[in-house]
Each structure stands twice: as structure tokens, then as C-alpha cells.
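The values are calculated or read from the model by the stated rules, or taken from the named source; none is laboratory data. Quick caveat, the model's predicted, so the values are computed rather than measured. Note that each Cβ is placed from the backbone with ideal geometry, even for glycine, and that neighbours are counted across all protein chains shown.
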């Protein structure tokens, strides 16, 4: 395991927090994402895609070195998924309204913890793909619901 892949996979050590490291990583991603939202939905989408791509490599290397399919300290998937979930917030250009941020965080964490289908199918992919895919799908599902809530005026 290279120091770089380990640092990225654990999102610079956040994944090594002993309790709720995924939730802490999602919260950190939410705060960083709030800085990206004013740049537009294309910017946050691009950063999320790059993070997911890097995450496939980093989490695969980290998991292989540990001999574990999906180690709990790999939290870069939560970061990418949370940023995907924020795309509708940026699309609707509501950077200072806390409600869509809260909705995206809560829904993303619910999907990530409950792991409904298709998340369970996505996490069966091999290596780093499986580590990242379930959270990318959770982010996409969350983004659809947040978009619907914003489009309907519910939030």
C-alpha cells in the first residue's frame, strides 16, 4: 500500500476515526462541497467524477494491501457520493440555503447505511469498483430525490 493511496482512500485519515468514520467523511465532504456549489453544478460534478475515479484506484490498493474487500477506513467513496448528492443544490444555485444540504446529507447517509438494491448489487463489483460503486449509486439516488424536492418547491 502506498502512502498516497492510503491517504486518499482514508480521506487524509478521517477513515481511521474509530466511530462513524463514514458519517464524518460525509460531513467533511458536505462542508467542502458547500465551497464547490457556488462554482456551479458542472464543477461539483467534475470533482465528484475525478474523486470517484481516483477512489477506484486508491481504495483498491488500500483494500488489497489489507486483504479486506471493503475496509471500513476507505471513506473516499462517501466523499464522492456526497458530492454527487450536492449536484442539484448547485444546479438550483442555492448555495446559502441550508435545507437542501441537510436533505442531501440525511438521504445519502440513509441510502449508504440501509444499502437497498441497487446499492447491494453495485458493491459486489470487484476491487475498488465495488468499494466506490455503492456510494456513487447512493449519491445518484440522493441527487434524484433532492432534485425532485427542489424542483417541486418542497425544499
Quiz item: Is there a residue being surrounded by fewer than 21 Cβ atoms within 10 Å (Cβ to Cβ), under 18 Å from residue 48 (Cβ atoms) and under 11 Å from the mean Cα position of the chain (by Cα) anywhere in segment 125-138?
Solution: no
Quiz item: What pairs come up if the first residue lies in segment 73-94 and is within 13 Å of residue 25 (Cβ to Cβ), the second is assigned to a loop (DSSP other than H, G, I, E, B), and their beta carbons are under 6 Å apart, counting only those six or more places apart or on different chains?
Solution: 73/10; 75/11; 76/11; 79/11
Quiz item: Out of the residues in segment 98-121 that are touching a helix residue (DSSP H, G or I) at 6+ places or on another chain (Cβ under 7 Å) and farther than 18 Å from residue 25 by Cβ, which is surrounded by the fewest Cβ atoms within 10 Å (Cβ to Cβ)?
Solution: 118
Quiz item: Got a sec? Which helices (runs of 4 or more DSSP H) wholly within segment 76-128 have at least 3 residues that are modelled with pLDDT of 95 or more and more than 25 Å from residue 62 (Cβ to Cβ)?
Solution: 87-91, 98-114
